[in-house]
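*Asks:* Sharing a structure with you now.
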Amino acid sequence: MERTSILSILIILGLSAFTHIWNVAGFPDIFFDEGVYMRRAMHVLNGLGPQEGSFYDHPFFGQIFLAGILAVIGYPQSLNPSGDLNSISLLYLVPRLIIGTLAVVDTFLIYKISYKRYGQNVALISAVLFAVMPVTWILRRILLDSILLPFLLLSILMALYSKDSKHNSLLVLLSGIALGLAIFTKIPTFTMIPLVGGLIFFNNYKRFKMLGLWVIPVIMIPLIWPLQSIESGQFSYWIHDVFYFQTHRIGGSDLYAISGAFGQMDPVLFGLAIASLVFAVIRKDYLILTWFIPFIIFLYLIGYAQYFYWIPVIPVMCIAVGVFIVELSKKIPRKKIAQICPIIVILGIGFFGIVNITQIITTDMSSAEYAAASFVINKANNDKDTSILASATYSWVFDDIFHKKNVLLDYSSILFQSVNTSKVILVADPHFIIDLNRGKQFVDLYQSTIPIATFNGNLSKYDTSHYPYQNLFSTYEGDHIEIRVKK
């Protein structure tokens with residue numbers, strides 16, 4: 001790799017580090033699902049096994065991976081947690097730094113995939129897009145999608161490099177292991193099997209032998225999940241949750257809705273990606289089409305989606321745009337202009353992206369959540385007659401870090417069990433308010449309590465009807481929080 005190429009990718013990685021790591025404790029807000037995955041990681045850290053309870057919504061590699069890194073750095077003991085606001089923010093800062101670092105690794109892997117398949121210009125444009133475009137802030141969240149992405153990208157990269165390699169058998173096997181781990185993190189990643197399997201099949205001389213070697217870990221690693229449920233005597237729960245619950249979920253959005261959300265968050269990348277995908281259809285680009293289409297079909301069929309479900313295909317959207325721009329540049333008759341055009345585009349995209357994403361990531365959307373958690377920690381005195389009901393955002397902090405008594409997994413537990421204490425502390429955040437229509441128990445709980453403290457976030461300071469602050473629509477969980485106790 002030439003010096004200019006090394007310098008270019010180092011600059012891009014520096015930009016990626018800024019956009020994905022800067023102010024991760026402050027932006028975005030702490031989302032309900034992040035609390036779920038932190039609670040499950042703490043379950044592993046506490047030596048209680050990989051599977052929490054009998055609810056089988058996702059495989060457990062995500063919490064094992066996160067817990068493994070946290071264990072290496074001595075989390076949470078190394079932070080000496082106390083009940084003040086700064087200490088609580090550190091509890092989320094550390095895991096978000098880990099996730100942000102994964103996004104920087106993703107940027108490099110996208111560069112390498114694009115470089116191997118399409119050349120340097122496409123690689124630079126793709127990596128810049130992924131590093132600085134506003135929608136990529138969603139990779140800051142502690143989500144399974146963010147954890148699986150580097151494994152998916154590694155699988156694709158090793159499949160590409162297995163062609164004409166002296167170590168093709170090893171690369172094929174490692175590609176299978178990486179994809180197996182990605183599926184073992186979140187099952188919808190199985191939609192990438194045609195992509196990586198096709199690369200293995202068409203890129204190797206001994207096609208069927210290499211495909212057979214590759215498919216073994218792809219199948220066997222995710223099988224650990226149902227095998228664990230059998231060993232625990234909970235296979236019936238696994239069957240129900242995987243084949244019924246996941247296909248009958250309510251409260252999410254459909255493909256149309258999350259497409260609209262993407263278009264609001266990042267209209268430039270979304271528009272360019274649509275045009276580029278049409279161009280890929282015309283060119284019959286195997287890598288782009290088999291990466292994007294099966295996943296989108298799955299999202300359409302499942303009927304339940306959230307805006308961050310785009311994460312596994314954001315890289316291919318960036319790559320598709322890179323191919324589109326470079327190929328169009330080649331149509332310019334003047335050779336010098338054609339050579340300069342991709343460079344101008346890279347600089348233009350980089351400037352546009354960094355200006356807009358900086359306005360987003362420097363906001364504070366989570367301080368009210370930290371303040372609310374601090375208040376409850378100092379309010380609750382390990383009274384055996386007090387139950388604490390809160391979303392998963394808070395419950396693991398109260399239970400696993402500060403060891404408060406009678407902390408429910410999250411407030412939805414009251415749908416299945418009664419509260420057996422005379423005193424109740426309720427953290428009524430926006431997620432709880434949205435869920436009031438899930439059951440009479442929520443309404444009764446809310447109406448039987450009175451507010452003793454209120455914490456307001458900074459969302460109202462920004463005009464969320466204008467770009468780029470439209471991105472803040474998805475950061476509302478720290479906007480207004482009430483701490484309530486029984487009347």
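The values are calculated or read from the model by the stated rules, or taken from the named source; none is laboratory data. Since the structure is predicted, the reported quantities are computational estimates derived from the model, not experimental observations. All Cβ positions, glycine included, derive from the backbone under ideal geometry; neighbour counts span all protein chains shown.
*Asks:* Quickly run through the stretch 264-285 and pick out the residues that are assigned to a helix (DSSP H, G or I) and crowded, with 16+ Cβ neighbours inside 10 Å.
*Replies:* GLN264, MET265, VAL268, LEU269, PHE270, LEU272, ALA273, SER276, LEU277, PHE279, ALA280
*Asks:* Quick one: count up the residues across the stretch 101-136 that are buried (at least 24 other Cβ atoms within 10 Å of the Cβ) and either over 23 Å from ILE200 (Cβ atoms) or not assigned by TED's automatic domain parsing to the domain that holds GLY260 (or both).
*Replies:* Of the residues in that region, 14 qualify.
*Asks:* Looking at this structure, is PRO226 modelled with pLDDT of 95 or more, outside any helix (DSSP H, G or I), assigned by TED's automatic domain parsing to the domain that holds ARG40 and closer than 20 Å to PHE298 by Cβ?
*Replies:* When the stated conditions are applied, PRO226 does not pass them.
*Asks:* Of all residues in the stretch 387-406, which are within 18 Å of ALA453 (Cβ to Cβ), not hydroxyl-bearing (Ser, Thr, Tyr) and not in a loop (DSSP other than H, G, I, E, B)?
*Replies:* If the condition is that a residue be within 18 Å of ALA453 (Cβ to Cβ), not hydroxyl-bearing (Ser, Thr, Tyr) and not in a loop (DSSP other than H, G, I, E, B), then ILE388, LEU389, VAL397, PHE398 are the ones that fit.
*Asks:* Of all helices (runs of 4 or more DSSP H) completely enclosed by the stretch 52-137, which ones contain at least 2 residues that are hydroxyl-bearing (Ser, Thr, Tyr)?
*Replies:* Per the criteria, 85-118.
*Asks:* Here is a follow-up. Just for the stretch 36-61: of the residues that are surrounded by fewer than 24 Cβ atoms within 10 Å (Cβ to Cβ) and among the small types (Gly, Ala, Ser), which one is farthest from VAL397 (Cα to Cα)?
*Replies:* So the residue we want is SER54.
*Asks:* Which pairs do you get when a residue that is assigned by TED's automatic domain parsing to the domain that holds VAL316, found in the stretch 251-273, comes within reach of a residue that is hydroxyl-bearing (Ser, Thr, Tyr) and surrounded by 16 or more Cβ atoms within 10 Å (Cβ to Cβ), reach meaning Cβ atoms under 6 angstrom, with the pair 6+ apart or on two chains?
*Replies:* From the stretch 251-273, the pairs are GLY252/TYR304; ILE258/TYR307; ALA261/TYR307.
*Asks:* Another question about this same structure. Tell me which residues, restricted to the stretch 142-167, are within 15 Å of PRO315 (Cβ to Cβ) and of a type in the set (Ser, Thr, Tyr).
*Replies:* Result: SER146, SER155.
*Asks:* Could you list all residues from the stretch 45-54 that are hydrophobic (A, V, I, L, M, F, W, C) and in contact (Cβ under 8 Å) with a residue 24 or more places away in the chain?
*Replies:* LEU45
*Asks:* Could you tell me whether TYR467 is surrounded by 14 or more Cβ atoms within 10 Å (Cβ to Cβ), among the aromatic types (Phe, Trp, Tyr) and in contact (Cβ under 8 Å) with a residue 60 or more places away in the chain?
*Replies:* Against the criterion (surrounded by 14 or more Cβ atoms within 10 Å (Cβ to Cβ), among the aromatic types (Phe, Trp, Tyr) and in contact (Cβ under 8 Å) with a residue 60 or more places away in the chain), TYR467 qualifies.
*Asks:* Can you give me the number of residues within the stretch 454-484 that are closer than 15 Å to THR393 by Cα and part of a loop (DSSP other than H, G, I, E, B)?
*Replies:* Total meeting the criteria: 5.
*Asks:* Sticking with this structure for a sec: Here are some residues: ILE319, ILE314, ILE288. Which one is under 17 Å from the mean Cα position of the chain (by Cα), at pLDDT 95 or above and surrounded by 15 or more Cβ atoms within 10 Å (Cβ to Cβ)?
*Replies:* Matching residue, one of ILE319, ILE314, ILE288: ILE314.
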